[in-house]
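Here's the structure, in structure tokens; my notes come after.
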Ligand SMILES: [Zn+2]
């Protein structure tokens, strides 16, 4: 659930502003907490927490009351549903660090890893509204790594599949060996 606050009061659903990170930010109007007018102008916008939150200073066009809104970039609210049914916030950084670990000392450029992460983020944010199964992400990482580097793929798969079936990993290695 995304949280939007105006002067420390949670907004009603009609005041929610959602947007995808990739789209141009158009500042929709908020209801003025003082007079209820829905027309305002944004007088200042600034991003915080590495762009995850955008703080806007607004002024009501009717009564000139000034108030502040906080908007969260949509994928920041996306939750990953794990196998043990726990949920954790979807994190681009975490995704990238997992991929970097798998690619350690392998001939894979950081650019290629970031491209893979961007691709996964794009698919995930387009396809899932509020919750994405961890398995879906794991599979995309494996598919991506398989194209980039065999060793990185096996490394990732070995860690990833440890929580599934031990035999899966052996099968994956056998499959790789068979194709060489
Ligand atoms: Zn007003």
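Laboratory data are not the source of any read-out in this text; all were calculated from the coordinates shown. Please read these numbers as outputs of a predicted model, since none were measured by experiment. All Cβ positions, even for glycine, are placed from backbone atoms using ideal geometry, and neighbour counts span all protein chains on display.
Hey, fewest Cβ within 10 Å first, where do 69, 125, 64 land in order? Present the calculation step by step, with values, prior to reporting the outcome.
Details: 69 23, 125 18, 64 11.
Sorted ascending by nearby Cβ count, the order is 64, 125, 69.
In what order do 67, 90 fall by count of nearby beta-carbon atoms within 10 Å, going from fewest to most? Before the final figure, lay out each step's value.
Numbers: 67 18, 90 21.
Sorted ascending by nearby Cβ count, the order is 67, 90.
To make sure I understand, if each residue's beta carbon is the centre and we count other beta carbons within 10 Å, what order do 146, 58, 46 fall in, fewest to most?
Exposure proxy ranking, most exposed first: 46, 146, 58.
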